[in-house]
Amino acid sequence: MDVRKGCETGMELDVQDMPQEWIEKEYNRLMKHVVVQPECWDWTATLSNGYPRFRFMGRMQVAHRVMYALVNGPIPEGMVVRHTCDNSRCINPEHLVLGTQRDNIADRESRGRNGNVGEKSRWARLTAEEVVSIRERYAAGGITLKELGLMHGVSQNTIHAIVTGFSWKHVGGPLTRRRAA
Ligand SMILES: [Zn+2]
């Protein structure tokens, strides 16, 4: 794959044509540098300007962006990957959402005013309960990843990661064998 393709299509970390095995290998490589906890997964390796750094596709990248791309697919041009937990060392994919630079600034301003962190995030975040219900609903059949994604306001890739146990490993519910999303 031509890594410059990312720039040409306006997508960053364009991983969507990569085989699932490659994605899993890179995911495992990334996971060697985190402490997995029920909440935030703190980065234990190199930081730069307070953000985790990771060599990926031949370049140094911000690790939480790499995590986002591996789990959810490429990051559209001009979008930033934001933390719902306000912990810049965290790369837990469940704490990462796409946003704009303007959202980031608005967040900082609202925190500056009321000193409140995270709680009032207007970004939907799945709960453990929802994850179990997504797995049960999918295992029961008759519904697509896309439909479940629309119901819960997340991408099809996020649902795929949930039903295969790729994300939310610590939560129960029936897992589905991995297959093409
Ligand atoms: Zn976090």
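Any read-out appearing in this document is the output of simple, stated calculations on the displayed coordinates, not a laboratory observation. Just so you know, these numbers come straight off a predicted model, no measurement behind them. Cβ placement follows ideal geometry from the backbone for every residue including glycine, while neighbour counts extend to all protein chains displayed.
List ARG65, ARG102 from most exposed to least, where exposure is judged by having the fewest other Cβ atoms within 10 Å.
Least crowded to most crowded, the residues run ARG102, ARG65.
Classify the range 126-181 as rounded, prolate or oblate, taking a ≥ b ≥ c as the square roots of the eigenvalues of its Cα gyration tensor: rounded when a/c is under 1.5, otherwise prolate if a/b is larger than b/c and oblate if not.
It is rounded, given that a/c, with a ≥ b ≥ c, falls under 1.5.
For each of ASP14, ASP42, count neighbouring Cβ atoms within 10 Å of the residue's Cβ, then give the residues from fewest to most.
ASP42, ASP14
For ASN28 and ALA140 in one chain, what is 0.36 nm times their gap in residues minus the Cα-Cα distance, to one decimal in nm?
Working it through step by step, the gained length comes to 37.4 nm.
What does a probe at ARG102 reach in the range 52-91, counting residues whose amide N is under 15 Å from the point 7 Å along Cα→Cβ?
Flagged as within label range: 78-80.
Please rank THR158, THR127, THR164, fewest neighbouring Cβ atoms within 10 Å first, as an exposure proxy. If you can, show how the numbers build up before the last one.
On the way: THR158 24, THR127 10, THR164 17.
Sorted ascending by nearby Cβ count, the order is THR127, THR164, THR158.
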